[in-house]
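This report concerns only the one structure given below.
Bear in mind that the values in this text are calculations on the coordinates, not laboratory data. Quick caveat, the model's predicted, so the values are computed rather than measured. When we count neighbours, we look across all protein chains shown, and the Cβ atoms used for this are built from the backbone with ideal geometry, even at glycine.
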Amino acid sequence: MSRGKTPRANGKPIRHPTRGANGSPCEPLSSRRVGEDVRVVEVAGSAALKRRLRHLGLRPGKSIRVRQKSPAGMVVTSRGLKLALGKDATQHILVETDIEKA
């Protein structure tokens, strides 16, 4: 995505909440760095994308860790599973970063 363009889902601008459940700031997963632990706050985008990510286990409240990052997307781990996500998907997954270690 180039600068100045708003990510869109079904022609509508994506609503980005500014705060997570515990009050920490929310950002797209694509903005996170390798090694960070984050918690999913919301999945925006088309119904097909939401369904696909839900079936992969990426639901609000789930913790994930960023393992690799490239211009094409990211590799994350969730519940011991490695998941490869495209750049578009990572821009639609909103996460909070200030989470407690379990």
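Database remark: amide H of Val95 closer than 5 angstrom to the amide H of Glu27, Leu29, Val41 (H placed geometrically; neighbours at sequence offset of 5 or more, or on other chains; Pro and chain starts carry no H). Counting beta carbons within 10 Å around each of Leu49, Leu58 and listing the fewest first gives the order Leu49, Leu58. Around the Cα centre of the stretch 28-96, unit charges on the Cβ atoms of Lys, Arg, Asp and Glu (plus for the first two, minus for the last two) sum to a dipole of about 240 debye. Each label was represented as a point 7 Å from its Cα along the Cα-to-Cβ direction; for Ser46 and Leu81 these points are 2.1 nm apart.
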